[in-house]
Amino acid sequence: MSALCDPPGAPGPPGPPPATHGPAPLSAQELSQEIKAFLTGVDPILGHQLSAREHARCGLLLLRSLPPARAAVLDHLRGVFDESVRAHLAALDESPVAGPPHLRPPAPSHVPAGGPGLEDVVQEVQQVLSEFIRANPKAWAPVISAWSIDLMGQLSSAYSGQHQCVPHATGSLNELLQLWMGCRATRTLMDIYVQCLSALIGSCPDACVDALLDTSVQHSPHFDWVVAHIGSSFPGTIISRVLSCGLKDFCVHVVGILGHLASRHGDSIRRELLRMFHDSLAGGIGGRSGDPSLQATVPFLLQLAVMSPALLGTVSGELVDCLKPPAVLSQLQQHLQGFPREELDNMLNLAVHLVSQASGAGAYRLLQFLVDTAMPASVITTQGLAVPDTVREAYALRNHVGELCGETLRLERKRFLWQHQLLGLLSVYTRPSCGPEALGHLLSRARSPEELSLATQLYAGLVVSLSGLLPLAFRSCLARVHAGTLQPPFTARFLRNLALLVGWEQQGGEGPAALGARFGESASAHLSDLAPLLLHPEEEVAEAAASLLAICPFPPEALSPSQLLGLTSPAGLKAVLQLLVEGALHRGNTELFGGEVDEDNETVSVVSASLASASLLDTNRRHTAAVPGPGGIWSVFHAGVIGRGLKPPKFAQSRNHQEVIYNTQSLLSLLVHCCSAPGGSESGGCWGAPTLSPEAAKAVAVTLVESVCPDAAGAELAWPPEEHARATVERDLRIGRRFREQPLLFELLKLVAAAPPALCYCSVLLRGLLAALLGHWEASRHPDTAHSPWHLEASCTLVAVMAEGSLLPPALGNMHEVFSQLAPFEVRLLLLSVWGFLREHGPLPQKFIFQSERGRFIRDFSREGGGEGGPHLAVLHSVLHRNIDRLGLFSGRFQAASPSTLLRQGT
């Protein structure tokens, strides 16, 4: 029975330790009682249940006195250590301070480190097992090391994630190590294993190391803290044994173990890896190439480097020095001659992948070494230094230019610099050159100015060596676009990047301007390929093509803009309209159309100066029962800053009035041409004006809303009650201020109103402007409206535009004719009646019907019930009656028309 319980390979069961190290030998009767108590858990004499401490000590007594019982006793002691760990973690969970282990306070003095009532048993177990190891290490160390290391693996996996105090295994290894080494039970198991490994380190530590590797595979990553601690204590043994065991079974799980040791023992790992590499080459020369372990060394090392960037970084620094001796490359070539071609291709792909993944100074030296070896400086080579054909196969990168460009554009640390230089080298030395392909990939994938600068730098470095680089790059990219192999997002990005580069020419300077001119010339040479992209079904591509064509210099024989617009698809036409309106309303172009220049930093500078000189203590002392306004104590309004007075007045730019008129008419003519419906002049009005497309006018209306008030884009078209304006005071003031700064907005509203029902989509702008005018007329105390010329003109224009867009019936739409003859409060009353009418008869597109005879949408107010303005005309008639002496002649203009008249007028 004793022989069955011996550890494998042991010469015989070790006897009990000397009497001086333990209790006196037991008699047969006493031994029988102890066995019975251990098996049943009941005291055979007193008959009560044994406690955990008593049961464990009974097992220790049997372990000393009865060697065949050690398997059962060790198995029982697993439960003792498990209970101790559970108690330790429970005490940490109950700690009032949560957080990482190194930030928690120590446990109270009344709570033992290893759990209540078991810490002395854990200490006794360590003492007993230590005596066995010292007495007979060859027999006991393999058994006890396997037991302790397996138990640590089970405990690490069992309690991972079950307690809030146990950090995640993929997190900080230091926190995990501090937690488990702070537990008495797991620290005791670690000390036991270290003692076993120390006892066998000089003879045969294979059993201990194999147990460590097996447990690491079974319980990783929860077991990594054990490997990290043991590897730091025995780096030489662990590193060599881990590599030898991994090579024997071609196990890649050793990557995790070596990765933990690379930070502190990188030199040892590097020496061991290079030693294995040189031994494999020397073995092949010596005729021992048939050894499977020597043949598998190079593939094994490549696989390790692929799976662990830390190991790759450890070796890459000295890899060039290792390969520089002339005999090494020859030995490597001879060593690899016995491999099948498929395996050689796989290893070549791995090597190329490692070169692209390497970083630091070692990567740069490796790339230089590869280029120098593949293309020597002199065509005359000495005997024995001929470059092997396998080294020249580094041109396999030629087929991965797209992937290399994608990796370069990721801008990862300094790696992209080496990858960018490799692109330049491949472009110069490959035949045919991959330079146009690389430049095309960079132009179509760059998403930021930093990424786009890589394309310009590549072009600047290759333009001297490669002639016709830009035309070839343009031709290849456009061929891919028309063939459909370049996806629409990349096509749009390619066109936008070209527009940005061509725009450099207009910014001045030597370098960017010259480079932009070259890109502009190449783009203008391919107008026949760029123009059809305006018909692209993807709106993003059509918009990008319009942006490029708008800035690209046209050759003399090119089509005129009007001819080019005739080829535009609906999506491209919408993009053209959007760009035209956005460009005209841009702050930098305001003065071209008679607007005021708004200094954006004015309000910010005033507020910053206010806050810089403010005292929080003084402000709080003054801030007693006052009601705080929106935005805090320092509130910014349209007129200025509270406590700082009014903002300085703005002055319009002194641009010639005739020039402003010309610019405005040119823009409106172009917009009308873009918005004209097919055959528009034939179905036009009495003056032969072209009929505008409602969809095109809608695009202009939507762009107006997005440009003037982006936060209100997509708002409801229905008109709210007058009380609603109190909640949008700031937005209404901003809209009114924008109309005053940019007179072009009124002209664009007139254009939109000419194509009903497009004006409905400007409802939020009309509402905001009307609210701002109502506020002004309400606050005005002047006897007539002549003292507010802009507000008078804006009020007249607003009502006329809404009448033109069929938002108001003719009777209400004519009221602006008498505004100049009224007092401010009377103008406010009339505008309030307009608000009330729009509240009841909202500006909704579904209220319009299409009249085929006129080829346009009309609105029949007679079908809406009071749509002729009946109840809302009462205020207007009252104002006329009050001023009958001056306004009596206008009374005929403000009578509700009959339905037949409305239909005849087309309104």
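The values are calculated or read from the model by the stated rules, or taken from the named source; none is laboratory data. Note that this is a predicted model, so its numbers are computed, not measured. Because the Cβ atoms are built from the backbone with ideal geometry, glycine has one as well, and the counts that use them run over all protein chains shown. Just the protein is used for accessible areas: all its heavy atoms, side chains included, with ligands, DNA and RNA removed. Shrake-Rupley method; radii C 1.70, N 1.55, O 1.52, S 1.80 Å.
Checking Leu838, Leu832, Leu812 one by one, the residue that is under 29 Å from His881 (Cα atoms) and open to solvent by 20 Å² or more (accessible area, probe 1.4 Å) is Leu832 and no other.
Given Ala546, Ala571, Ala584, which one is touching a Phe, Trp or Tyr at 6+ places or on another chain (Cβ under 7 Å), modelled with pLDDT of 70 or more and surrounded by 13 or more Cβ atoms within 10 Å (Cβ to Cβ)?
Unique residue meeting the criteria: Ala584.
Considering the range 55-91, the residues that are charged (D, E, K, R), open to solvent by 50 Å² or more (accessible area, probe 1.4 Å) and in contact (Cβ under 8 Å) with a residue 24 or more places away in the chain include one that is nearest to Glu124 (Cα to Cα), namely Arg57. Here Val217 clears all of (1) surrounded by fewer than 17 Cβ atoms within 10 Å (Cβ to Cβ); (2) closer than 30 Å to Val122 by Cβ; (3) modelled with pLDDT of 75 or more except the condition numbered (3). In a residue-by-residue description of the range 735-743, the property of being open to solvent by 60 Å² or more (accessible area, probe 1.4 Å), more than 18 Å from Leu829 (Cα to Cα) and at pLDDT 90 or above applies to at least one position. Applying the set (1) of a type in the set (A, V, I, L, M); (2) surrounded by fewer than 18 Cβ atoms within 10 Å (Cβ to Cβ); (3) touching a residue at least 12 places away in the same chain (Cβ under 8 Å) to Leu822 leaves exactly one unmet item: (2).
Restricted to the range 32-54, and to residues there that are open to solvent by 80 Å² or more (accessible area, probe 1.4 Å) and among the hydrophobic types (A, V, I, L, M, F, W, C), the residue that is modelled with the highest pLDDT is Leu39. Looking at (1) surrounded by fewer than 17 Cβ atoms within 10 Å (Cβ to Cβ); (2) modelled with pLDDT of 60 or more, find the lone condition where Ala612 falls short. Checking Ala612 against (1) surrounded by fewer than 17 Cβ atoms within 10 Å (Cβ to Cβ); (2) modelled with pLDDT of 60 or more, the one that fails is (2). Quick check on Ala755: is it part of a helix (DSSP H, G or I), of a type in the set (Gly, Ala, Ser) and either buried (at least 23 other Cβ atoms within 10 Å of the Cβ) or touching a Gly at 6+ places or on another chain (Cβ under 7 Å) (or both)? Spelling it out, it is not the case that Ala755 is part of a helix (DSSP H, G or I), of a type in the set (Gly, Ala, Ser) and either buried (at least 23 other Cβ atoms within 10 Å of the Cβ) or touching a Gly at 6+ places or on another chain (Cβ under 7 Å) (or both).
Using the structure shown, decide if Thr785 is open to solvent by less than 30 Å² (accessible area, probe 1.4 Å), in contact with a Ser or Thr (Cβ under 7 Å, 6 or more places away or on another chain) and not hydrophobic (A, V, I, L, M, F, W, C). Here the answer is yes, as Thr785 does meet what is asked. Restricting the range 188-208 to residues that are touching a Ser or Thr at 6+ places or on another chain (Cβ under 7 Å) and among the β-branched types (Val, Ile, Thr), the residue that is nearest to Val128 (Cα to Cα) is Ile192. The set of residues from the range 399-449 being small (Gly, Ala, Ser), in a helix (DSSP H, G or I) and in contact with a helix residue (DSSP H, G or I) (Cβ under 6 Å, 6 or more places away or on another chain) comprises Gly402, Gly424, Ser427, Gly435, Ala438, Gly440, Ser444.
Kindly indicate the residue of the range 458-508 that is among the aromatic types (Phe, Trp, Tyr) and surrounded by 21 or more Cβ atoms within 10 Å (Cβ to Cβ) and also farthest from the chain's Cα centre (by Cα) among those meeting that condition. The residue in question is Phe474. On inspection, Val799 fails the criterion of being open to solvent by less than 20 Å² (accessible area, probe 1.4 Å) and touching a Cys at 6+ places or on another chain (Cβ under 8 Å). Taking Arg731 as the residue in question, decide whether it is in contact with a Gly (Cβ under 8 Å, 6 or more places away or on another chain), open to solvent by 40 Å² or more (accessible area, probe 1.4 Å) and either under 28 Å from Ser666 (Cβ atoms) or without any contact (Cβ under 8 Å) to a residue 60 or more places away in the chain (or both). The answer is yes for Arg731. List every residue pair whose Cβ atoms sit under 6 Å apart, with the two residues 6 or more apart in sequence or on different chains, where the first one lies in the range 534-548 and is of a type in the set (S, T, N, Q) and the second, anywhere, is in a helix (DSSP H, G or I) and open to solvent by 10 Å² or more (accessible area, probe 1.4 Å). What qualifies is Ser547/Ala499.
Among the residues of the range 130-151, those identified as of a type in the set (A, V, I, L, M, F, W, C) and within 14 Å of Leu197 (Cβ to Cβ) are Ile133, Trp140, Ala141, Val143, Ile144, Ala146, Trp147, Ile149.
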